[in-house]
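All remarks here apply to the structure that follows.
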Amino acid sequence: DSRQQRPAQTAEMSSEKERLEYQEEEEFAAVRKVIEDKLHREFYNVPTRDLPPRMQPRKLPHLDEAGKVDWDDWKSWEWMQPGWKGVKMHSQCVIHPDGSAEVRSVWK
């Protein structure tokens, strides 16, 4: 009865696959821990100016230097004006039978 053996073989293959995936995750975690420990020993209490270029903090602009933001620019968009006849995007909240919710956007 080969039909009876197939579910068992499938279960064995599935459990073998899960075991291999778990083993790969364990190996990845072990390698990551070794690398983190090495970096910690090598660079702990090292001034940032002495770090390799890839590890140095990037110079990002401050938000104060970005300039004034026009928060009311949406008022000038033609599709936001009263009397607009074209399509509009609507947001819909869908409640699923399992109690979860999903927010969708729909063009109407």
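So here's what we get for this one:
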{"item": "Where a residue in segment 79-108 is open to solvent by less than 90 Å² (accessible area, probe 1.4 Å) and its partner, wherever it lies, is assigned to a strand (DSSP E or B) and among the polar types (S, T, N, Q), with Cβ under 6 Å and at least six apart", "result": "105/91; 106/92"}
{"item": "Residues within segment 50-93 that are more than 29 Å from residue 104 (Cβ to Cβ) and among the polar types (S, T, N, Q), tallied", "result": "1"}
{"item": "Members of segment 50-78 that are open to solvent by 90 Å² or more (accessible area, probe 1.4 Å) and closer than 30 Å to residue 39 by Cα", "result": "50, 53, 54, 58, 59, 60, 61, 62"}
{"item": "Among (1) at pLDDT 90 or above; (2) within 24 Å of the chain's Cα centre (by Cα); (3) open to solvent by 80 Å² or more (accessible area, probe 1.4 Å) - the single one residue 34 does not satisfy", "result": "(2)"}
{"item": "Residues (part of a loop (DSSP other than H, G, I, E, B) and aliphatic (A, V, I, L, M)) located in segment 84-108", "result": "87"}
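Residue by residue, here is whether (1) without any contact (Cβ under 8 Å) to a residue 40 or more places away in the chain; (2) hydroxyl-bearing (Ser, Thr, Tyr); (3) part of a loop (DSSP other than H, G, I, E, B) holds:
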residue: 17; (1), (2), (3): yes, no, no
residue: 22; (1), (2), (3): yes, yes, no
residue: 27; (1), (2), (3): yes, no, no
residue: 33; (1), (2), (3): yes, no, no
residue: 37; (1), (2), (3): yes, no, no
residue: 45; (1), (2), (3): yes, no, yes
residue: 54; (1), (2), (3): yes, no, no
residue: 60; (1), (2), (3): yes, no, yes
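The values are calculated or read from the model by the stated rules, or taken from the named source; none is laboratory data. These numbers come from a predicted model, not from an experiment. For neighbour counting, all protein chains shown are included, and Cβ atoms are generated from backbone atoms with ideal geometry for every residue, glycine included. Just so you know, the surface numbers come from the protein's heavy atoms only, side chains and all, with ligands and any DNA or RNA stripped out. Shrake-Rupley method; radii C 1.70, N 1.55, O 1.52, S 1.80 Å.
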